[in-house]
1. Mind checking whether some residue in the stretch A:94-102 is part of a helix (DSSP H, G or I) and within 26 Å of residue B:85 (Cβ to Cβ)?
2. In the stretch B:198-212, is there at least one residue being more than 10 Å from chain A (Cβ to nearest Cβ), under 21 Å from residue B:80 (Cα atoms) and either at pLDDT below 95 or buried (at least 23 other Cβ atoms within 10 Å of the Cβ) (or both)?
3. Condition first: surrounded by 24 or more Cβ atoms within 10 Å (Cβ to Cβ) and either more than 7 Å from chain B (Cβ to nearest Cβ) or assigned to a helix (DSSP H, G or I) (or both). Now tell me which residues in the stretch A:145-157 satisfy that.
4. In the stretch A:59-80, which residues are assigned to a helix (DSSP H, G or I) and away from chain B (no Cβ under 14 Å)?
5. What number goes with the only condition from (1) closer than 27 Å to residue B:23 by Cα; (2) at the interface with chain B (Cβ under 9 Å from one of its Cβ atoms); (3) buried (at least 22 other Cβ atoms within 10 Å of the Cβ) that residue A:108 does not pass?
6. For the stretch B:158-174, which residues satisfy the criterion of being assigned to a helix (DSSP H, G or I), over 14 Å from the mean Cα position of the chain (by Cα) and crowded, with 18+ Cβ neighbours inside 10 Å?
7. Looking only at the stretch A:118-143, count every residue that is part of a helix (DSSP H, G or I) and either out of contact with any helix residue (DSSP H, G or I) (no Cβ under 6 Å at 6 or more places or on another chain) or farther than 16 Å from residue B:117 by Cα (or both) and tell me the total.
């Protein structure tokens, strides 16, 4: 399944927002800025920006208002990929069909590019003048992003991942790892779109949290299934690598059939959680379906 | 020269604030939180927190109000040291008299600890409830911190540093590197203390910027001089390493005598820039003198 034309247009919009948010590569330090742009602008589905746009659209926020937030969450995602790919981490040389950042720019520059990208995401969000929310909400958004990135979020998930290599996890440990590692930033993206759009309804924010939690896990199960079903060319990254690296995956722990069933259950849960949000939530529903059935 | 007793007390206060700001090491993921605490709580002069306290004191802000900011800037500093010490960067095994983070926890965990610390600093600053400033000022503080950390700040300086190894820099290129690498966070620390204390006077903020700029460079010159004058035990890190690594330093480029003269000139400039700020600025003056004459 591909993205709908409307979501494809928003994905392209996110690319434009990202190109604008990044320092141009004629600014010093040149090599660092080149590495940062290479890491972020190399394609990708832009799922997290799409979640920002789709979540904001529920409350009628225009894409213009959401561009900087969309850029900020994708910049965080891109930095995490650069660091995950490092030799000391997953040691991967291929990402989105291109050599990884440290292959092109060297390990030291890749570490720095990731570091600078993390700072840039906070800067972009803190500087966002188009946002038009009150300063207290703006601060809440910065809190949301920082929590999602830290040791109780994405970085914590990566630490669980490191600790898990070569070990036998049970299903709940595997889930915890992914709730942190990819789930935290996905949930934050959904929440940030809603906050930017002025949503202050705790029940709705909680429903969106359930939506984000569910598609975050669904995304990972689909990822694990693709790793054994698809080939490297289709994925744009090394296929079959999880099994080779003895990484715990859903198919390895639950079996392929149970993993597929869990994927369906999570997608259903995601859709149910936003059932009452009306027609404006259709892009969020499209994204839930896309996450469950994407081919790369 | 040692810190005055009053500044020593504030340094201990910063340690307490840091221990409180960090996740306890009985929280999961355990190893990550242990690495984060190891990286931050291993001693150090706490210069940046002291600058926050001293700058806030100019406008009569109490230390209580400044604790979280003091912790945030030191957490950023600690993260930068962890990443600088990595094998792909400066490859250093000793820091503050102890094995560096990657020696104790491994390279992957050290990368993650640095990443999580950067996020934590923003979280601590965004979450700061004791601050009591208006939300717009609070946002300005987050902007200040993010700018200081990114590619036009600390991470950018590290990139200049990488590019400089083995090359012949002139004095202005060397200065640019340090204005970014250590200067940005030092200037930010001074500015954050003032903003937290409610200072909105642009002329005063600009004077403090000059102060921070001057002591930032003075700090680096003193560092370079200590590297050739002091021994490893005294420094708590490997002495003589700059020359061995063929790193550009002030003594190498200006000569030792001219470096000492520049250190005096910068200290004088720092003191002059805050001359009109009265008796409350005495701690800032003490810090300028300390930076110029410290023995480790």
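1. Going residue by residue through the stretch A:94-102, those that are part of a helix (DSSP H, G or I) are A:101-102.
The next check asks that each one be within 26 Å of residue B:85 (Cβ to Cβ); those that pass are A:101-102.
Scanning the stretch A:94-102 turns up at least one residue that is part of a helix (DSSP H, G or I) and within 26 Å of residue B:85 (Cβ to Cβ).
2. To start, the set of residues in the stretch B:198-212 that are more than 10 Å from chain A (Cβ to nearest Cβ) comprises B:198-212.
Filter once more, so that each one left must be under 21 Å from residue B:80 (Cα atoms): B:212.
Among the residues that remain, those that are also either at pLDDT below 95 or buried (at least 23 other Cβ atoms within 10 Å of the Cβ) (or both) are: B:212.
The answer is yes, given that some residue of the stretch B:198-212 is more than 10 Å from chain A (Cβ to nearest Cβ), under 21 Å from residue B:80 (Cα atoms) and either at pLDDT below 95 or buried (at least 23 other Cβ atoms within 10 Å of the Cβ) (or both).
3. To start, the set of residues in the stretch A:145-157 that are surrounded by 24 or more Cβ atoms within 10 Å (Cβ to Cβ) comprises A:145-146, A:148-151, A:153-157.
Correct list: A:145, A:146, A:148, A:149, A:153, A:154, A:155, A:156, A:157.
4. Result: A:63, A:64, A:65, A:66, A:67, A:69, A:70, A:74.
5. So the condition that residue A:108 fails would be (1).
6. Going through the stretch B:158-174, the residues assigned to a helix (DSSP H, G or I) turn out to be B:158-164, B:171-174.
With the extra rule that they be over 14 Å from the mean Cα position of the chain (by Cα), the set shrinks to B:159-164, B:171-174.
The answer is B:159, B:160, B:161, B:162, B:163, B:174.
7. Going residue by residue through the stretch A:118-143, those that are part of a helix (DSSP H, G or I) are A:118-127, A:135-143.
Adding the requirement that they be either out of contact with any helix residue (DSSP H, G or I) (no Cβ under 6 Å at 6 or more places or on another chain) or farther than 16 Å from residue B:117 by Cα (or both) leaves A:123-127, A:135-141.
So the answer is 12.
Each row is one residue, and each column tells you yes or no for (1) free of Cβ contacts under 8 Å to residues at least 60 places away in the same chain; (2) surrounded by fewer than 24 Cβ atoms within 10 Å (Cβ to Cβ); (3) within 16 Å of the chain's Cα centre (by Cα).
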| residue | (1), (2), (3) |
| --- | --- |
| B:6 | no, yes, no |
| B:40 | no, no, yes |
| B:46 | yes, no, yes |
| B:57 | no, yes, no |
| B:63 | yes, yes, no |
| B:69 | no, no, yes |
| B:78 | yes, no, yes |
| B:104 | no, yes, no |
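The values are calculated or read from the model by the stated rules, or taken from the named source; none is laboratory data. None of the values given here were measured: they were computed from a predicted structure. Cβ sites come from the backbone with ideal geometry, for glycine too, and all protein chains shown count toward neighbours.
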